[in-house]
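K.L.:
Got a structure for you, written out below as C-alpha cells; questions coming shortly.
The values are calculated or read from the model by the stated rules, or taken from the named source; none is laboratory data. Keep in mind the model is a prediction, meaning the values are calculated, not measured. As a convention, Cβ positions derive from the backbone with ideal geometry for all residues, glycine included, and neighbour counts pool all protein chains shown.
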Amino acid sequence: MHLRVVTPKGAKVDAQVAEVTIPGEMGDLGVLPGHRALLTSVGIGALSWKPVQGEIGWLAINGGYAEVADDEVVVITETAERPAEIDVQRAEAAQSRVTAELRAVDAARGEEVARLQQALRRAENRLAVAKRTKPVIPA
C-alpha cells in the first residue's frame, strides 16, 4: 500500500508501507492493505507507519483529512513533523505557557479555553513524537 503525507510545504512521506495508524478525532484509525475506501478527518496526534522493510516512522500532525482508496492512503495536514525536526525546548516552553494561560483564563470564556486546549494538545503531541525513534524512510 502507498502512503503520502502532504502539507502546504510539500510531501513529508511518499512510500510503500505495510500499515498506517492515523490519529482521528475520536481515536486512532489503523489501515492495512485492502482497507475499504473512506474519507475522514484527522486529529492532533502521532501518525505512524510501518514500511514494508525497516523501522516504524512517526510524524506529529495537527489535523487535516485522510483518504483511503485503492491501496493508497493520502493524508493532507497543515503541519507534519518528524521526531528529529521537533524543537523540544520550544515545545516544552509552549506547553508551560499554555498551561499557565489555561489556569488564568475565566472558564466562562469557552472559546478562549478551547483555543488554549488545542494549543496544549499540539505541544504535548510534539513532545510525545519527539521522544520516538527517527523514521528510516527518507523525506
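K.L.:
Within the stretch 65-85, how many residues are crowded, with 19+ Cβ neighbours inside 10 Å and of a type in the set (A, V, I, L, M, F, W, C)? It would help to see each step written out before you state the result.
P.N.:
So in the stretch 65-85, the residues crowded, with 19+ Cβ neighbours inside 10 Å come out as 66, 68, 73, 75, 77, 80-83.
This time we only want the ones that are of a type in the set (A, V, I, L, M, F, W, C), so: 66, 68, 73, 75, 80.
Summing the residues that are crowded, with 19+ Cβ neighbours inside 10 Å and of a type in the set (A, V, I, L, M, F, W, C) in the stretch 65-85 gives 5.
K.L.:
So Ala93 fits all but one of (1) at pLDDT 85 or above; (2) touching a helix residue (DSSP H, G or I) at 6+ places or on another chain (Cβ under 7 Å); (3) surrounded by fewer than 18 Cβ atoms within 10 Å (Cβ to Cβ); what number is the exception?
P.N.:
Among (1) at pLDDT 85 or above; (2) touching a helix residue (DSSP H, G or I) at 6+ places or on another chain (Cβ under 7 Å); (3) surrounded by fewer than 18 Cβ atoms within 10 Å (Cβ to Cβ), Ala93 violates only (2).
K.L.:
Which one is farthest from the chain's Cα centre (by Cα) among residues in the stretch 55-107 that are assigned to a strand (DSSP E or B) and among the small types (Gly, Ala, Ser)?
P.N.:
Looking at the filtered set, the residue picked out is Ala69.
K.L.:
For residues that are surrounded by fewer than 20 Cβ atoms within 10 Å (Cβ to Cβ) and β-branched (Val, Ile, Thr), tally how many sit in the stretch 1-20.
P.N.:
Of the residues in the stretch 1-20, 2 are surrounded by fewer than 20 Cβ atoms within 10 Å (Cβ to Cβ) and β-branched (Val, Ile, Thr).
K.L.:
Any chance the stretch 31-43 includes a residue that's touching a Ser or Thr at 6+ places or on another chain (Cβ under 7 Å) and either hydrophobic (A, V, I, L, M, F, W, C) or modelled with pLDDT under 95 (or both)?
P.N.:
Our first condition is that a residue be touching a Ser or Thr at 6+ places or on another chain (Cβ under 7 Å); within the stretch 31-43, this holds for 42.
Remaining after also requiring either hydrophobic (A, V, I, L, M, F, W, C) or modelled with pLDDT under 95 (or both): 42.
Taking every residue of the stretch 31-43 in turn, at least one turns out to be touching a Ser or Thr at 6+ places or on another chain (Cβ under 7 Å) and either hydrophobic (A, V, I, L, M, F, W, C) or modelled with pLDDT under 95 (or both).
K.L.:
For the stretch 29-48, check the following and say yes or no: at least one residue is in a loop (DSSP other than H, G, I, E, B) and under 12 Å from the mean Cα position of the chain (by Cα).
P.N.:
There is no residue in the stretch 29-48 that is in a loop (DSSP other than H, G, I, E, B) and under 12 Å from the mean Cα position of the chain (by Cα).
K.L.:
Of all residues in the stretch 1-25, which are closer than 17 Å to His35 by Cα, assigned to a strand (DSSP E or B) and not aliphatic (A, V, I, L, M)?
P.N.:
Hits for the stretch 1-25 are His2, Arg4, Gln16, Glu19, Thr21, Pro23.
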